1. Among 158, 223, which comes first, then next, by fewest other beta-carbon atoms within 10 Å?
2. Return the distance in nm (one decimal) between the two label points of a simple spin-label model at residue 103 and residue 35, each offset 7 Å from Cα along Cα→Cβ.
3. Rounded to the nearest 5, what % of DSSP beta bridges with both residues in the chain are antiparallel?
4. Arrange 22, 123 by Cβ neighbour counts within 10 Å, fewest through most, would you?
5. At residue 67 and residue 182, where each label point lies 7 Å from the Cα along Cα→Cβ, what is the point-to-point distance in nanometres?
6. So if R0 is 22 Å, what FRET efficiency would residue 26 and residue 110 give, r being the distance between their Cβ atoms, rounded to the nearest 0.05?
7. To the nearest 10 degrees, how steeply does helix 136-148 sit against the main Cα axis of the chain, on a 0 to 90 scale?
8. Over 10 Å intervals from 0, what percent of Cα-Cα pairs in segment 50-128 sits in each interval?
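Computed from the coordinates by the stated procedures, all read-outs in this text should not be read as laboratory data. Keep in mind that what you see is a predicted model, and the values were worked out from it rather than measured. Counting neighbours? That spans all protein chains shown, and the Cβs are built from the backbone with ideal geometry, glycine included.
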């Protein structure tokens, strides 16, 4: 579904991604593990089109994305849930969700909104309240619900468990697992390496802008280097 080939990206003169390559197959959950500053968020931003690339290519469903603006990529089916949630705090929860469907031209938005409320009942209960009144965990649910309103084929999830209590982390990972059952492919960036690799079909380890290891989620969980560097074992 997604092929990243020899991708480079820089901030000014500083190159952050150095010829990085990976692939995501349809229906997979693929986890990207790495330390802070390794280039994980930069990669997701490059895939979604908000971060310029200086070399290499990104293909989605065998179509080159290099010249597509971010909103065109959303229309193709790539949606990012950004680090830190990035909800529109003054707007109501329901307006935030409807903004997720802004590029759609069909008439099924109301049905999809009902589906999001079924997945996240707390959002239904508070749908008329400002998004800024929600807790961190509820805002993460809102950000994920907003992404679902775009009817994505591929969701890019950036640190969905950041700052959440353990019980909420479990909820979020259960929801991520359910996305696969709904036919949505997931590329997941997550500091909680153990939880992320436990639900992943495959994973990649990124170090200083390069892929250093790859394998199934189970293989990486059992890899001595990953256990030492990212699992604290």
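1. The fewest-first ordering by Cβ neighbours comes to 223, 158.
2. So the label points at residue 103 and residue 35 sit 3.5 nm apart.
3. Of the beta bridges lying entirely in the chain, close to 55 percent run antiparallel.
4. 22, 123
5. Label at residue 67, label at residue 182, 3.4 nm between them.
6. 0.20
7. Rounded to the nearest ten degrees, it is 90.
8. Going from the shortest bin to the longest, the percentages are 14, 39, 30, 15, 2.
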